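Please read the structure below before turning to the comments.
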Amino acid sequence: MLNIISLSALSNRVSGPKKVVENLIKGLDKLHYPYVINKRLDACKRLWIHDDKFALRHLSKLDPEIKVIVGPNLFILPRNIPKNLDLSHVVYLQPSEWVKQMWLDFGFKECPIEVWPTGIDLDVFKLRQNKSKDYILIYFKQRFDYELKAAINALNQKKLPFKIINYGHYKQKEYLKLLNNCRYLIWIGRQESQGIALQEATVCNAPVLVFDVSYLGHWIPREYEKTIFTGEEEKYIGRVTSAPYFNSSCGIKIKKIDQLAKAISYMEDNWREFRPREYIMKNLSLEKQAKDFLKIYEKYWGLNYIKGFSETILRGGNYRCNFLYRFLFIIWNFIKRNKKISKYIKKLWEISQ
């Protein structure tokens, strides 16, 4: 049995962290593996602290029989981890190899890092049925305007029809409809630790031309994201990418703007030959990723995967009042994304000091 501690599970807002926890839950349901959500931290032998930083403060008080996986939606960089937080008895999750390597390069050594991406829902994002592929779909997420214009100009010169979808300004239903009718995507997105939206496109069997990032700071951050990386961190190259789960069956990748025209011509000639859905089915199905997650407890602590099916709750009770936390979580996200309110609260805090 697994105890899932997640703020995102309480939210109604679609987000990457919410997809991570939702898709794991869907995978657990498919496996018929028992789980509880936001119960007391010692409710089960297997504890996953997904994105609730406050829960980490109680780690030192837990009985050693409680084995803990934390992340991936907790800290962006190792320097964001509080100095007094003891992670020596946990396993930290990162969604892809490049992020794991970045953390190691930035000096993280407090605990093991395990790479685990969440599964992709093959039932919601189905194989495309529409045989009339009318246009190219440009997916644009927090990149420079001149890069978008370069793609538009290349398509116009070739007299190719296209549509643009902007990150944060569409609903899932609209995205599914656009995916069903496009020939392929041109993906102009920021760096991604997993890239769930891109994987949702590929699981629909839509090939992708990825105009990849070249370094960590290759993006236009929103107001509340502007202080995430220092100037030095932004220059980090490593294996940074917009598409960490991608191979030649999914499409092609380029990194230079002058490669766009040639890459588009290649996609026009070959888009029918790609089989991206097969890649997702093999590597990122809901069942496989749920099982891979549970196997981490077996790998590090010997908690048998099969025995987990017959386990029950050790101790009853909730970790917190879920109704109150849902309310606070919604308010906090609203404040964080509202520039004027954030500045006002900051000013009040400074005055009070």
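The values are calculated or read from the model by the stated rules, or taken from the named source; none is laboratory data. Owing to the predicted nature of the structure, the values given are computational and were not obtained by experimental measurement. Neighbour counts are summed over all protein chains in view; Cβ atoms, including those assigned to glycine, are modelled from backbone coordinates with ideal geometry.
Name the residue that is nearest to the chain's Cα centre (by Cα), counting only residues in the stretch 115-172 that are modelled with pLDDT under 95 and of a type in the set (Gly, Ala, Ser). The selected residue is 168. In the stretch 250-291, which residue that is in a helix (DSSP H, G or I) and of a type in the set (S, T, N, Q) is surrounded by the most Cβ atoms within 10 Å (Cβ to Cβ)? Once the filter is applied, the top-ranked residue is 289.
Taking every residue in the stretch 11-36 that is part of a loop (DSSP other than H, G, I, E, B) and pairing it with any residue that is of a type in the set (D, E, K, R), at least 6 positions away or on another chain, the pairs with Cβ-Cβ distances below 9 Å are 11/18; 11/326; 12/18; 12/326; 14/171; 33/291; 34/311. Pairing residues of the stretch 286-310 that are within 15 Å of residue 2 (Cα to Cα) with residues that are of a type in the set (Phe, Trp, Tyr) and assigned to a helix (DSSP H, G or I), at Cβ distances under 7 Å and at least 6 apart in sequence or on separate chains, gives 303/297.
For the stretch 78-96, filtering for residues that are within 18 Å of the chain's Cα centre (by Cα) and surrounded by fewer than 16 Cβ atoms within 10 Å (Cβ to Cβ) leaves 0. Number of residues in the stretch 224-249 that are over 20 Å from the mean Cα position of the chain (by Cα), of a type in the set (D, E, K, R) and outside any loop (DSSP other than H, G, I, E, B): the value is 2. With respect to residue 213, is the statement that it is surrounded by 16 or more Cβ atoms within 10 Å (Cβ to Cβ), closer than 21 Å to residue 152 by Cα and not assigned by TED's automatic domain parsing to the domain that holds residue 98 true? Here the answer is yes, as residue 213 does meet what is asked. Considering 314, 303, 294, the condition of being outside the structural domain of residue 191 (by TED's automatic domain parsing), in contact with a Cys (Cβ under 9 Å, 6 or more places away or on another chain) and among the aliphatic types (A, V, I, L, M) is satisfied by 314 alone. You will find that of 314, 294, the residue that is under 26 Å from residue 41 (Cβ atoms), assigned to a loop (DSSP other than H, G, I, E, B) and of a type outside the set (Val, Ile, Thr) is 314 and no other.
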